[in-house]
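For reference, the structure discussed in these notes is given below.
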Amino acid sequence: MLDWENATLFPSADPGAANDSVRTAAVAAKARRGPMTLATSPPAMARLMGKILLWLLATYGVFVLAVFHSPLADYMVRPLRVPAEVQPAPAIVVLTAYVSPDGVLNESAMRRTHAAARLYHQGLSPLVIFTGGDSTSNVRQSADFMAEFASELGVPRSAIILEKKLKNTHFSAVNVAALCRERGIERVLLVSDAVHMRRATAAFRAQRLAVSPAPADPWSLWWETPDIQLKKFWAALHEYGGLLQYWWKGWI
């Protein structure tokens, strides 16, 4: 007689064998996932990301304090400065700066152009050369707009020469030196930003052209407003990279 109380729908299996199968499947799944270590567990990863974020915030805080509220930028700029030697010369050479496509001069371009016009009106030179650009372009460039501004400041257009072959201080020096040799000019008054002057004078002197530096912006070597400190920092960083590149290529 069939015992309905103890009957099962499926034949009974060995409980030990079933447990072994479960354990084997769990081990295989764990092997596929890889070992769960403390470093890769979710809580540990969260702590690690938190430490990285705190480190980044701390680094940013130190950077802000160092650049905006310390003399770091001033110490970086100091070795780049070249003493001004403003004296009569056959030509004033102005290195161009950024001008927007619609002719708006940035601060540096305005300073350089104004400094060149002032030197011209002081009777230190009868000729102003604006150098920098791209001769393959048909659109008006920085040199065109800066020359136009110089004309507005009273420099006759007949006293202005544009040299727009390449956008590079080294090649500007090469081209201007060739132009000066054609005209018998051996010395120039060089106008650029103070922080750029060391690299610029070295590049022009490497072309056997005597240079009298005339910095357009004699920055103070002491703390100024935070925005100026930031400008000093990035300008100095750019110039140190430029000096290294020019030295590596044998341009200075």
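The values are calculated or read from the model by the stated rules, or taken from the named source; none is laboratory data. The shown structure was predicted, so the numbers you read here are calculated from the model rather than taken from an experiment. Every residue, glycine as well, gets a Cβ built from its backbone with ideal geometry; the counts of neighbours run over all protein chains shown.
Only one entry of Y75, Y120 meets the criterion of being at pLDDT 70 or above, assigned to a helix (DSSP H, G or I), hydroxyl-bearing (S, T, Y) and within 28 Å of A236 (Cβ to Cβ), and that entry is Y75. Of the candidates V94, V99, V104, the single residue that is at pLDDT 60 or above, touching a Gly at 6+ places or on another chain (Cβ under 9 Å), under 30 Å from R140 (Cβ atoms) and surrounded by 11 or more Cβ atoms within 10 Å (Cβ to Cβ) is V94. Residue count for segment 144-172, restricted to those that are of a type outside the set (D, E), modelled with pLDDT of 90 or more and under 25 Å from the mean Cα position of the chain (by Cα): 6.
Can you say whether S172 is without any contact (Cβ under 8 Å) to a residue 60 or more places away in the chain and of a type in the set (S, T, Y), as far as the supplied structure shows? Against the criterion (without any contact (Cβ under 8 Å) to a residue 60 or more places away in the chain and of a type in the set (S, T, Y)), S172 does not qualify.
Looking only at segment 91-122, filter to residues that are over 25 Å from the mean Cα position of the chain (by Cα) and of a type in the set (A, V, I, L, M); which one of those is nearest to I185 (Cα to Cα)? Restricting to residues being over 25 Å from the mean Cα position of the chain (by Cα) and of a type in the set (A, V, I, L, M), the top hit is A91.
Considering only residues in segment 81-91 that are touching a strand residue (DSSP E or B) at 6+ places or on another chain (Cβ under 6 Å) and assigned to a loop (DSSP other than H, G, I, E, B), the one that is surrounded by the fewest Cβ atoms within 10 Å (Cβ to Cβ) turns out to be Q87.
Close Cβ contacts (under 7 Å, 6 or more residues apart or on different chains) running from residues in segment 224-252 that are small (G, A, S) to residues that are surrounded by 12 or more Cβ atoms within 10 Å (Cβ to Cβ) and assigned to a helix (DSSP H, G or I) comprise A235/V195; A236/A73; A236/M76; A236/V77; A236/L80; A236/V195; G242/R199.
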